Amino acid sequence: MPFVELDTNLPADRVPAGLEKRLSAATASILGKPEERVNVTVRPGLAMVMNGSAEPCAQLLVSSIGVVGTAEENRGHSAGFFEVLTKELALDQDRIIIRFFPLEPWQIGKKGTVMTFL
């Protein structure tokens, strides 16, 4: 069950319409998970500074069970997400950063329990 959160200081009118749906599909493909399990949040218009600059930038947080736990996995995931984000947001790679967080099933609540028991 991947969770993807995109924070950006780009104003909402500079974030392409439907980005959340395309990012959901891309996440499913990149992480090898069913899209019906992908959760995406896009937050434009934030006050952000990256590398000392408030120029347009984006930060992507990717958390999931079982697929973001190693450097080797995340190197491939990073390449896929950078391809999507540079194209969609028209930002250079040095204005995007990605953080990967591995999750355990007991850390995700759903249907009144946790994923461990579903």
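The values are calculated or read from the model by the stated rules, or taken from the named source; none is laboratory data. A quick note: this is a predicted structure, and the numbers were derived from the prediction, not measured. As a convention, Cβ positions derive from the backbone with ideal geometry for all residues, glycine included, and neighbour counts pool all protein chains shown. The accessibility values were calculated without ligands, DNA or RNA, using every heavy atom of the protein model including side chains. Shrake-Rupley method; radii C 1.70, N 1.55, O 1.52, S 1.80 Å.
For residues that are closer than 16 Å to residue 85 by Cβ and open to solvent by less than 70 Å² (accessible area, probe 1.4 Å), tally how many sit in region 39-57.
9
So residue 68 passes all but one of these: (1) among the hydrophobic types (A, V, I, L, M, F, W, C); (2) open to solvent by less than 60 Å² (accessible area, probe 1.4 Å); (3) farther than 18 Å from residue 108 by Cβ. Which condition number does it fail?
Unmet condition: (3).
Might you let me know whether region 35-48 holds any residue that is out of contact with any Cys (no Cβ under 7 Å at 6 or more places or on another chain) and polar (S, T, N, Q)?
Start the filter on region 35-48 by keeping residues that are out of contact with any Cys (no Cβ under 7 Å at 6 or more places or on another chain), which leaves 35-47.
Applying the additional criterion that residues be polar (S, T, N, Q) yields 39, 41.
Yes - at least one qualifying residue is present in region 35-48.
Looking only at region 30-42, count how many residues are within 27 Å of residue 106 (Cβ to Cβ), outside any helix (DSSP H, G or I) and under 12 Å from the mean Cα position of the chain (by Cα).
Applying the first criterion (within 27 Å of residue 106 (Cβ to Cβ)) to region 30-42 yields 30-41.
Subset that is outside any helix (DSSP H, G or I): 32-34, 38-41.
Add one more test, that the residue is under 12 Å from the mean Cα position of the chain (by Cα), and what stays is 38-41.
Summing the residues that are within 27 Å of residue 106 (Cβ to Cβ), outside any helix (DSSP H, G or I) and under 12 Å from the mean Cα position of the chain (by Cα) in region 30-42 gives 4.
Among what's in region 83-118 and is closer than 29 Å to residue 13 by Cα and touching a Pro at 6+ places or on another chain (Cβ under 9 Å), pick the residue that is most open to solvent (accessible area, probe 1.4 Å). First the steps, then the outcome.
Narrowing region 83-118 to residues closer than 29 Å to residue 13 by Cα: 83-100.
Those still in the list that are touching a Pro at 6+ places or on another chain (Cβ under 9 Å) too: 88-91, 95.
Details: 88: 37, 89: 4, 90: 80, 91: 16, 95: 35 Å².
Among those that are closer than 29 Å to residue 13 by Cα and touching a Pro at 6+ places or on another chain (Cβ under 9 Å), it is 90.
This table checks each residue for (1) over 17 Å from residue 3 (Cα atoms); (2) assigned to a strand (DSSP E or B); (3) in contact with a Ser or Thr (Cβ under 9 Å, 6 or more places away or on another chain).
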{"position": "24", "(1), (2), (3)": "no, no, no"}
{"position": "28", "(1), (2), (3)": "no, no, no"}
{"position": "46", "(1), (2), (3)": "yes, no, yes"}
{"position": "56", "(1), (2), (3)": "yes, no, yes"}
{"position": "63", "(1), (2), (3)": "no, yes, no"}
{"position": "73", "(1), (2), (3)": "no, no, no"}
{"position": "82", "(1), (2), (3)": "no, no, no"}
{"position": "97", "(1), (2), (3)": "no, yes, no"}
{"position": "102", "(1), (2), (3)": "no, yes, yes"}
